[in-house]
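Remarks on the structure that follows.
The values are calculated or read from the model by the stated rules, or taken from the named source; none is laboratory data. The structure displayed is predicted, hence computed values, not measured ones. A quick note on method: Cβ atoms are made from the backbone with ideal geometry, for glycine too, and the neighbour counts reach across all protein chains shown. Surface areas here come from the heavy atoms of the whole protein model, side chains and all, with no ligands, DNA or RNA. Shrake-Rupley method; radii C 1.70, N 1.55, O 1.52, S 1.80 Å.
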Amino acid sequence: MSIDPTDRRPAPTGGQPRLCRRALFGGAGAVAAAAVLSACGTDTEETASTPATPTTPPEPGPDAAVVAAAADIPVGSGVLFADRRLVVTQPVAGDYRAFVALCTHSGCNITGVEADEIVCDCHGSRFRLDGTVSRGPARKPLKARPAGARGADVVVD
């Protein structure tokens, strides 16, 4: 700790250096800056390299709407329903998943499904068929909606 040479107050007794207001506020500012910088550098959310565990939404309710014929949702891929802001996938035969078609990075519209990935061309994010992030900048999975098959149809709440 340095002592201000323009400070004309007498030195404290007991051999302890005196803490002036300038040093106190300067130190507090340094601590605050370090806290802000460390918060910016720390990432406690899941990243694209650490996939989030997909959540299984509840079964669709009795008032769920028919969105497609089950035969129209390819196994190992999916379909974007842009007018409904909805993506429906079928990762494995008979397992239908539905997601809000908005990217979790910055809210851009999902632009399509390419093979086994849900795509957002806005900033390049990609999602697996279970909604989890496969490539960022998005860090959170897509918001799931209850979906399932009823007879020959896929229904979504």
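Entry note: region 65-152 has Rg to Rh equal to 0.95, where both radii use alpha-carbon atoms and Rh is the Kirkwood radius.
What does the charge count near Val156 come to, summing +1 for each Lys or Arg and -1 for each Asp or Glu among other residues with Cβ under 9 Å from its Cβ? Walk me through the intermediate numbers first.
Details: positive: Arg84, Arg145; negative: Asp157.
Here the count lands on +1.
Heavy atoms only, 1.4 Å probe, whole protein assembly: order Glu114, Glu59 by accessible area, highest first.
On the way: Glu114 95, Glu59 145 Å².
The most accessible residue leads, giving Glu59, Glu114.
Put the Cα centre of region 118-153 next to the Cα centre of region 73-92 and the gap is 9 Å. Dipole check for region 65-152: with +1 at the C-beta of Lys and Arg, -1 at the C-beta of Asp and Glu, and the Cα centre as origin, the magnitude is about 380 Debye. Quick note on region 94-139: its Rg to Rh ratio, both from C-alpha atoms and Rh being the Kirkwood radius, is 0.93.
Histogrammed with a bin width of 5 Å, the alpha carbon distances of region 60-110 distribute as 5, 19, 28, 24, 16, 8, 1 percent, first bin at zero.
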